[in-house]
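The values are calculated or read from the model by the stated rules, or taken from the named source; none is laboratory data. Keep in mind that what you see is a predicted model, and the values were worked out from it rather than measured. Here the Cβ positions follow ideal geometry from the backbone for every residue, glycine too, while neighbour counts run over all protein chains shown. These accessible areas exclude ligands, DNA and RNA; they are computed on the full protein's heavy atoms, side chains included. Shrake-Rupley method; radii C 1.70, N 1.55, O 1.52, S 1.80 Å.
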Amino acid sequence: MVYRVTLIPGDGIGPEVAQATRTVLDATGIEFDWVVQDAGDVTIASQGTPLPDSVLDSIRETKLAIKGPITTPIGSGFRSVNVAIRKALDLYANLRPARTVPGVKSIFDNIDLVIVRENTEDLYAGIEFAADSVEAAQARDFLATLSGKTIRADSAIGVKPISDTCSRRIVKFAFEYARANGRRKVTAVHKANIMKFTDGLFLDVAREVAADYTDIEFEDRIVDNMCMQLMQKPELYDVLVMPNLYGDILSDLCAGMIGGLGVAPGANIGTDVAVFEAIHGSAPKYAGQDKVNPVALILSGVMLLRHIGEQDAAERVEKAVRHIIAAGKHVTYDLAKGDSVGTQAMAAAIAAAL
Ligand code: NAD
């Protein structure tokens, strides 16, 4: 079997970590047909857009992609390519596992958590009006009439849509993931005590969905309490499912608990398409130096292997990554206690340890 996978090198450090990931995945013996698609800085220069249609067409065709980070230019007309890809392909689930890698400096050990973040709605829906806009003035008036509450005249307005449809599919995703991966518990994270209708809906739906999965434990936590509990008793938690904003924040918190962005993988998953990418960005100051840690994208590649059912290869890559980091000899600057190696040399060492 040959797997056709769209490979988006991205920009900044993207091409380097993408090359490193390709080296390791090719070394598993599984056959990949890589469809390389440029996006980001490179295509702004050559095609006038950071996201050519051909990139989305390719992902729709292969249904699988590995993506390096892409810079979001500040103050230009271009919106985030990363958000655009998620929206265009309706990649509704953002999956971010956080598992301790021995040898990576962290104040926690034995962390094994999975964040399942709703990826399409909530305060990230992009419905926002500037304080001095006509739209905000109209929204303030309209909302004041509806609610009987006054809104300060200098307020910007943002909207938080939470739907039954999107809540149901993300909570189902979390339970299906838990079942397929032998996890014991799903915790729904929310602030339903304050946002009774939006987060309240999320929680109600989560409880309904949980009733269909009696083999997996279910509980809920208020998001502020969740943060404290994660700092004090992370071992009590397993799979955490939540709306977009809390998921964005808590997944970075959990990445910090395993030692940072260099080792934190991720995936954006839709109904029949999945895009695998590290949590970190394009770190432009390190671009072209063969310096940064490739592990986050390599572990995103492990998630891809599991997604396509290649469990044995996934285990082998994960074991090799752990072995190389624990040995500490062929690791990048951020993991090294003494001498370090470059991005490609670390990837070659992981490939050789498979
Ligand atoms: P960043 O993750 O690129 O870098 C922050 C710092 O983290 C770096 O300076 C570096 O010290 C460290 N770091 C990141 N990745 C590392 C790695 N693999 N190995 C070692 N150290 C690493 O975050 P930023 O500086 O906020 O963002 C830079 C650009 O990336 C922005 O344009 C942002 O919009 C974009 N971004 C893209 C994505 C994506 O493509 N999914 C995600 C986040 C940010």
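For the condition more than 14 Å from the chain's Cα centre (by Cα) and within 30 Å of ALA326 (Cβ to Cβ), what is the one hit in ILE44, ILE115, ILE74, ILE107?
ILE107
The single condition from (1) more than 16 Å from the ligand (Cβ to nearest atom); (2) among the hydrophobic types (A, V, I, L, M, F, W, C); (3) open to solvent by 40 Å² or more (accessible area, probe 1.4 Å) that ALA137 fails is (3). Output the residue which, of all residues in the stretch 43-54 that are more than 13 Å from the ligand (Cβ to nearest atom) and not small (Gly, Ala, Ser), is surrounded by the most Cβ atoms within 10 Å (Cβ to Cβ). Step by step, filter the stretch 43-54, then rank; the result is THR43.
Regarding the stretch 96-108, can at least one residue be identified that is within 13 Å of the ligand (Cβ to nearest atom), open to solvent by less than 30 Å² (accessible area, probe 1.4 Å) and at pLDDT 95 or above? Yes; the residues of the stretch 96-108 include at least one that is within 13 Å of the ligand (Cβ to nearest atom), open to solvent by less than 30 Å² (accessible area, probe 1.4 Å) and at pLDDT 95 or above.
Taken over the stretch 91-106, the criterion of being touching a strand residue (DSSP E or B) at 6+ places or on another chain (Cβ under 7 Å) and basic (Lys, Arg) is satisfied by ARG96, ARG99. Flag: GLY10 does not match the condition of being at pLDDT 95 or above, away from the ligand (no atom under 15 Å from the Cβ) and part of a loop (DSSP other than H, G, I, E, B). Taking the conditions exactly as written (within 16 Å of the chain's Cα centre (by Cα), touching a residue at least 12 places away in the same chain (Cβ under 8 Å) and part of a helix (DSSP H, G or I)), does LEU230 satisfy them or not? Taking the combined requirement at face value, the residue does not satisfy it.
Every listed requirement among (1) aliphatic (A, V, I, L, M); (2) within 16 Å of the ligand (Cβ to nearest atom); (3) farther than 13 Å from ASN293 by Cα is met by LEU354 save one, (2). Of the numbered conditions (1) more than 15 Å from the ligand (Cβ to nearest atom); (2) surrounded by fewer than 20 Cβ atoms within 10 Å (Cβ to Cβ), GLN19 satisfies every one except a single condition; which is it? All conditions pass for GLN19, except number (1). In a residue-by-residue description of the stretch 55-70, the property of being assigned to a loop (DSSP other than H, G, I, E, B) and open to solvent by 70 Å² or more (accessible area, probe 1.4 Å) applies to at least one position.
Restricted to the stretch 288-354, the set of helices (runs of 4 or more DSSP H) holding at least 1 residues that are of a type in the set (D, E, K, R) and closer than 28 Å to ILE115 by Cα comprises 295-307, 311-327.
Of ALA98, ALA93, ALA20, all but one fail to be touching a Cys at 6+ places or on another chain (Cβ under 8 Å) and within 16 Å of ALA278 (Cα to Cα); the exception is ALA98. Only one entry of ILE85, ILE30 meets the criterion of being within 16 Å of the ligand (Cβ to nearest atom), open to solvent by less than 50 Å² (accessible area, probe 1.4 Å) and under 23 Å from PRO265 (Cβ atoms), and that entry is ILE85. Suppose the filter is charged (D, E, K, R), open to solvent by 10 Å² or more (accessible area, probe 1.4 Å) and within 12 Å of the ligand (Cβ to nearest atom); does ASP272 pass it? No: the conditions fail for ASP272.
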